[in-house]
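Here, each number is a calculation from the coordinates, and none is a lab measurement. Keep in mind that what you see is a predicted model, and the values were worked out from it rather than measured. As a convention, Cβ positions derive from the backbone with ideal geometry for all residues, glycine included, and neighbour counts pool all protein chains shown.
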Amino acid sequence: MMQRLMISLTLIALVGLPSLASANDELIAAVKADYDAHLGTLFKHFHANPEHSFVEHKTASRLAAELRSAGFEVTEKVGRTGIVAIMENGPGPLVMMRADMDGLPVKELSGLPYASQATQVNDDGQEFPVMHACGHDVHITSLVGTARRMAAEKGSWSGTLMLIGQPAEEWKISGAQAMHQDDLWKRFGQPDFALAFHVAAAIEAGKIFVAESAAYSGADSVDIIVPGIGAHGASPHRGKDPILIGSQIVVALQQLVSRELDPREPGVVTVGVFRAGNKRNIIGEEAVLELTVRSDSTKTRQTLLEGIERIAVNTGRAAGLPEDRLPRVELRGGVPVTVNDVSLVKRISSRWRAELGDGVFADHERQGMGAEDFGFLTTDPYIPSAYFAIGGTPKERFDEEAAGGKPVPSHHSPLFEISPEPSVRSGVVATVIALKELMPVQ
Ligand SMILES: [Zn+2]
Ligand SMILES: [Zn+2]
């Protein structure tokens with residue numbers, strides 16, 4: 001008896017007391033085994049067979065089949081090519097996890113054995129090469145991994161899980177809106193919480209990053225139409241020059257971010273297109289400016305949009321344009337801010353910390369003011385959401401780059417490359433832990 005007790009104590013000393021960490025080792029091992037058995041092949045299939053925005057037909061039907069065989073009830077063609085998969089598992093909240101499915105019009109040059117050779121006719125009828133150059137193949141493979149894990153561990157959570165395969169995040173950034181407008185919440189229920197992640201080439205594989213503020217900026221497409229009064233280029237006093245007025249508008253717009261926003265508040269006003277004129281000695285009738293405007297809050301968005309209107313109209317006025325021919329500002333659509341709900345992010349982060357250790361968090365800052373369309377799903381009505389990033393590049397690659405070697409390719413590059421095993425594994429593990437936190441056994 002004593003001897004048996006001694007052996008038991010020794011064993012406990014050797015392997016440690018049963019703890020959250022060891023439960024978690026089991027989760028990691030299970031996901032790893034699933035990667036070797038199924039998810040690895042599935043990732044390569046998705047990577048080699050990418051599809052353009054809104055024509056993700058084969059991707060959606062394969063994803064639907066995978067989720068069905070994991071035990072989910074799947075509806076296809078929601079918001080054109082989107083899919084919704086539901087698993088009801090007792091009382092509790094409805095939690096949604098979204099993965100975007102589309103590739104990009106990029107010819108893959110990664111040299112990987114499973115590189116895409118595909119070209120495809122896009123939604124506008126034009127044929128382009130297509131590549132998973134943003135890692136959405138990691139997202140959908142992880143969604144399947146999450147589905148399989150959650151189905152296998154139904155005893156350890158309670159509630160309803162909704163998995164979404166979303167079209168067209170990239171090119172027309174309108175897939176989330178298309179699904180939302182297809183009565184998504186009316187048909188399938190409005191989630192209590194919403195989650196999504198993006199794999200990030202700039203973050204070390206195995207690490208997680210989550211912002212306690214905006215995960216992505218809101219973006220507005222704005223056009224400024226500047227009327228002119230045509231004249232001979234040698235007689236400028238007979239006309240009003242739209243190129244000069246447009247140029248003054250471009251310069252004056254720079255004061256919006258530098259002088260009108262709180263210096264701690266991010267914002268971008270970029271004039272990406274300036275179109276005017278067709279002959280050197282003619283003062284034309286019109287100039288057109290096309291802008292992208294980025295903001296992380298409604299207040300900043302309003303300051304920038306109102307400022308653009310004020311500057312455009314009054315610069316025209318100052319140039320002496322008549323009141324009925326002043327510059328016009330037209331909003332051409334956009335996406336809302338992807339807001340991270342602070343208390344939800346804190347809740348999930350502390351569960352990740354408890355289960356995966358402090359070291360799981362990447363030393364990372366948001367770069368630039370990139371946009372996403374996830375906000376269409378969470379803004380109106382407001383759904384507390386957490387959008388996180390999963391590292392996709394092994395540490396050795398960063399070391400190689402730092403030593404002057406091959407740079408780590410960025411997203412949307414033809415050389416883009418994600419290390420699939422650790423990315424998919426971390427994607428599934430992080431998601432499953434978050435879901436279990438939000439859907440505890442009742
Ligand atoms: Zn992208
Ligand atoms: Zn992307």
(request) Report, to the nearest 10°, how far helix 2-15 tilts away from the longest principal axis of the Cα atoms in the chain, using its own Cα long axis and a range of 0 to 90°. (result) 10
(request) Compute the Cα gyration tensor for region 306-442, then decide on rounded, prolate or oblate, letting a ≥ b ≥ c be the square roots of its eigenvalues: rounded whenever a/c is under 1.5, prolate when a/b is larger than b/c in the other cases, and oblate in all that remain. (result) oblate
(request) Taking the Cβ of V313 as the centre, find all other residues whose Cβ is under 15 Å away and add up their charges (Lys, Arg: +1; Asp, Glu: -1). (result) -1
(message) Need one number: nm distance between label points at A234 and L331, each 7 Å from Cα along Cα→Cβ, rounded to one decimal.
(response) 4.7
(request) Kindly write out, for region 39-53 in residue order, the coupling ³J(HN,Hα) from the Karplus curve 6.51 cos²θ - 1.76 cosθ + 1.60 (θ = phi - 60°), rounded to whole Hz, with x marking Gly and Pro. (result) 5, x, 5, 5, 4, 4, 4, 4, 5, 6, 10, x, 9, 6, 4
(message) Using Cα-Cα distances under 8 Å and only pairs 6 or more residues apart, what relative contact order does region 218-335 have, in percent?
(response) 42
(request) Report the full-extension gain for the segment Y114 to D358: residue separation times 0.36 nm, less the Cα-Cα distance, to one decimal in nm. (result) 84.4 nm
(request) Provide, for q = 0.14, 0.17 Å⁻¹, the log10 of I(q)/I(0) from a solvent-free Debye sum over equal Cα point scatterers in region 88-237. (result) -0.91, -1.20
(message) If you average the C-alpha positions of region 337-392 and of region 188-227 separately, how far apart do those two centres end up, in angstrom?
(response) 9
(request) Provide E204, E66, E309 in ascending order of the number of other Cβ atoms located within 10 Å of each residue's Cβ, fewest first. (result) E309, E204, E66
(request) Please list 410-421, 101-112 highest first by mean number of surrounding beta-carbon atoms within 10 Å per residue. (result) 101-112, 410-421
(request) Report the net charge of residues surrounding V144, where surrounding means a beta-carbon distance below 12 angstrom and charges are Lys +1, Arg +1, Asp -1, Glu -1. (result) +1
(request) Could you calculate the FRET efficiency of A318 with S410 from 1/(1 + (r/R0)^6), where r is the beta carbon distance between them and R0 is 35 Å, rounded to 0.05? (result) 0.25
(request) For n ≥ 4 DSSP H runs only, could you compute -39500 (n - 2.57) per run for the chain, divide by its residues and tell me the 222 nm figure to the nearest 500? (result) -11500 deg cm²/dmol
(message) Per 0.36 nm of contour for each residue apart, how much would the distance between K346 and V268 grow if the chain were fully extended, relative to their Cα-Cα spacing?
(response) 25.3 nm
(message) So, R0 is 45 Å and r is the distance between the beta-carbons of E309 and K186; what FRET efficiency does that work out to, to 0.05?
(response) 0.80
(request) Using the number of other C-beta atoms within 10 angstrom as an exposure proxy, rank M369, M179 with the fewest first. (result) M369, M179
(request) Could you line up V424, V271, V335 from fewest to most neighbouring Cβ atoms inside 10 Å? (result) V271, V335, V424
(message) Restricting to Cα atoms and excluding each atom paired with itself, what does the Kirkwood estimate give for the chain in Å?
(response) 24.1
(request) Excluding residues on the same chain fewer than 8 positions from K395, give the lysines whose Cα lies under 24 Å from its Cα. (result) K32, K44, K207, K406
(message) Quick one: 3J(HN,Hα) in Hz for region 167-176, Karplus 6.51/-1.76/1.60 with θ = phi - 60°, rounded, Gly and Pro as x.
(response) x, 6, 7, 7, 6, 10, 6, 10, x, 5
(request) Provide the percentage of antiparallel DSSP beta bridges, counting only those with both residues in the chain; round to the nearest 5. (result) 70
(message) Quick check: the angle from helix 20-34's long axis to the longest principal axis of the chain, C-alpha only, nearest 10 degrees?
(response) 80
(request) Can you check how the C-alpha radius of gyration of region 218-335 compares to 2.2 N^0.38 Å, as a plain ratio? (result) 1.11
(request) Could you tell me how many degrees, from 0 to 90 and to the nearest 10, lie between the Cα long axis of helix 342-356 and the main elongation axis, the longest principal axis, of the Cα atoms of the chain? (result) 40
(request) Could you let me know the centre-to-centre spacing of region 31-47 and region 67-93, using Cα atoms, in angstrom? (result) 21
